[in-house]
1. So which residues in the stretch 1-17 are over 15 Å from Leu42 (Cα atoms) and in a strand (DSSP E or B), if there are any at all?
2. Looking for something closer than 24 Å to Glu5 by Cα and in contact with a helix residue (DSSP H, G or I) (Cβ under 9 Å, 6 or more places away or on another chain) - is there at least one such residue anywhere in the stretch 44-52?
3. Restricting the first residue to the stretch 115-141 and requiring it to be part of a helix (DSSP H, G or I), which pairs with a second residue that is of a type in the set (S, T, N, Q) meet a Cβ separation below 6 Å and a spacing of at least six or different chains?
4. Can you confirm whether the stretch 94-103 contains a residue that is of a type in the set (Asp, Glu), touching a Ser or Thr at 6+ places or on another chain (Cβ under 7 Å) and in contact (Cβ under 8 Å) with a residue 40 or more places away in the chain?
5. Applying the selection to the stretch 61-106, what residues are within 22 Å of Asp118 (Cβ to Cβ), open to solvent by less than 90 Å² (accessible area, probe 1.4 Å) and assigned to a helix (DSSP H, G or I)?
6. Being among the hydroxyl-bearing types (Ser, Thr, Tyr) and either in contact with a Gly (Cβ under 7 Å, 6 or more places away or on another chain) or open to solvent by less than 70 Å² (accessible area, probe 1.4 Å) (or both) is the filter here, so list the residues in the stretch 38-60 that pass it.
7. Has the stretch 25-34 got at least one residue that is surrounded by fewer than 16 Cβ atoms within 10 Å (Cβ to Cβ) and touching a Leu at 6+ places or on another chain (Cβ under 9 Å)?
Amino acid sequence: MFFGEYRHNIDAKGRLSIPSKMRNLCEESIYVTRGNDGCLALYTHEGWEQYYKELQALPQKKKKTRVFIRLVTSRASLCEFDKLGRINIPLVLRQEGELEKECVIVGVGDHMEIWNSDKWDQFYDDNKDAFDDISEDLDDYE
């Protein structure tokens, strides 16, 4: 399980260090793709296979399904860890996530997210006061 919040800088070549606590749960590489709310999502091999199965289970005749799958898979990339524990995030994904310097790597259970630090701080600030209300509303999903 991935959890925690870590701040690291991405370099000009697109290399970003993944915290060892998270990296140790991965193999030699990780899948990076577009995430929700403006972040990038990172999946282990097992996590990506599970996520892809869920995508394939969606109704393929629905246009929104096809669009969503295309947006997720078209720019997905398998990124290998280097000797320093960094991954090289392709330019199109860096642009997608607006990753320029300081990034926030967030563990969200079954996967990780990479955020532009300003966007993450804004997201967190916008939602933190609603924590109790959101928690209560989750009962409606059962």
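1. Arg7, His8, Asn9, Ile10
2. yes
3. The qualifying pairs do not exist here.
4. Scanning the stretch 94-103 turns up at least one residue that is of a type in the set (Asp, Glu), touching a Ser or Thr at 6+ places or on another chain (Cβ under 7 Å) and in contact (Cβ under 8 Å) with a residue 40 or more places away in the chain.
5. Val92, Leu93, Arg94, Glu96 - these are the residues of the stretch 61-106 that are within 22 Å of Asp118 (Cβ to Cβ), open to solvent by less than 90 Å² (accessible area, probe 1.4 Å) and assigned to a helix (DSSP H, G or I).
6. Looking only at the stretch 38-60, we keep the residues that are among the hydroxyl-bearing types (Ser, Thr, Tyr), and these are 43-44, 51-52.
Tyr43, Thr44, Tyr51, listed by residue number.
7. Yes, there is a match, as at least one residue in the stretch 25-34 is surrounded by fewer than 16 Cβ atoms within 10 Å (Cβ to Cβ) and touching a Leu at 6+ places or on another chain (Cβ under 9 Å).
The values are calculated or read from the model by the stated rules, or taken from the named source; none is laboratory data. Please read these numbers as outputs of a predicted model, since none were measured by experiment. Neighbour counts run over all protein chains shown; Cβ positions are idealised from the backbone, glycine included. Protein only, heavy atoms only, side chains kept; ligands, DNA and RNA dropped before computing areas. Shrake-Rupley method; radii C 1.70, N 1.55, O 1.52, S 1.80 Å.
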